[in-house]
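Working notes for the structure below.
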Amino acid sequence: MKFKHALLFSATVLLACTAGNEKKQAEAIAIKGTWQLVSATTVENGQESFTDYTKNQRMIKIINDTHFAFLRHDLTLNKDGKNNFDAGGGKYKLVGDQYTESLDFYNDKNWEGKTFDFKVKIQNDTLVQTGIEKVEAAGVDRVITEKYIKVKDNKLDP
């Protein structure tokens with residue numbers, strides 16, 4: 001009889017542990033997808049600035065199981081008839097609400113190879129990412145909060 005109780009107890013503990021892991025995996029899965037950046041607030045040297053990414057430019061971030069990539073371009077052409085384009089990407093890690101990007105690819109080598117830690121929050125279709133961007137060689141040391149909206153049905157908002 002004691003054996004049956006011990007077996008039942010062990011099975012219950014095992015199921016409880018498995019359920020917790022499944023919940024953590026489900027939370028990690030929520031960040032995957034394509035996200036459109038709608039705004040960013042930056043605080044640098046005590047000065048706060050706000051950028052509306054729905055005006056004159058567009059940026060998306062694509063996140064899969066192991067990597068992220070971002071692509072940004074102006075919606076208007078410059079004097080040479082081109083639009084400014086920016087892109088980068090690399091590996092990421094998500095543990096709870098702690099999101100870490102390792103920037104493996106970028107056009108400015110001062111940023112390449114750097115790691116950036118953020119706290120993320122997802123509510124409905126909105127992702128808010130806050131963290132510190134510090135790149136001494138580029139003279140960058142700022143707190144940034146970015147707000148993204150999940151892209152649905154492959155449609156970006158204008």
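Numbers at a glance
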| quantity | calculated |
| --- | --- |
| Subset tally (residues that are touching a residue at least 24 places away in the same chain (Cβ under 8 Å) and either over 18 Å from Glu133 (Cβ atoms) or of a type in the set (Phe, Trp, Tyr) (or both)) for the range 35-56 | 4 |
| Residue tally, condition over 18 Å from Glu136 (Cβ atoms) and part of a loop (DSSP other than H, G, I, E, B), over the range 67-111 | 13 |
| Residue match in the range 133-145 (condition: at pLDDT 95 or above and small (Gly, Ala, Ser)) | no |
| Filtered residues of the range 124-146 (kept if closer than 17 Å to Ser39 by Cβ and not in a strand (DSSP E or B)) | Asn124, Asp125 |
| Any hit, the range 112-123, residues being farther than 21 Å from Ala30 by Cα, of a type outside the set (D, E, K, R) and either part of a loop (DSSP other than H, G, I, E, B) or touching a Pro at 6+ places or on another chain (Cβ under 8 Å) (or both) | yes |
| Asp97 being acidic (Asp, Glu) and either more than 19 Å from Gln36 (Cβ to Cβ) or touching a helix residue (DSSP H, G or I) at 6+ places or on another chain (Cβ under 7 Å) (or both) | yes |
| Test: Asn107 is under 29 Å from Asn45 (Cα atoms), modelled with pLDDT under 95 and exposed (fewer than 13 other Cβ atoms within 10 Å of the Cβ) | yes |
| Any hit, the range 63-81, residues being β-branched (Val, Ile, Thr), under 14 Å from Trp35 (Cα atoms), at pLDDT 95 or above and in the same structural domain as Lys114 (by TED's automatic domain parsing) | yes |
| Number of the exception - Val43 against (1) farther than 20 Å from Asp153 by Cα; (2) modelled with pLDDT under 95; (3) surrounded by fewer than 17 Cβ atoms within 10 Å (Cβ to Cβ) | (2) |
| Meets criteria (in the same structural domain as Val43 (by TED's automatic domain parsing) and under 17 Å from Thr51 (Cβ atoms)) for Val120 | no |
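The values are calculated or read from the model by the stated rules, or taken from the named source; none is laboratory data. Small disclaimer: the values here were computed from a predicted structure and weren't measured. Counting neighbours? That spans all protein chains shown, and the Cβs are built from the backbone with ideal geometry, glycine included.
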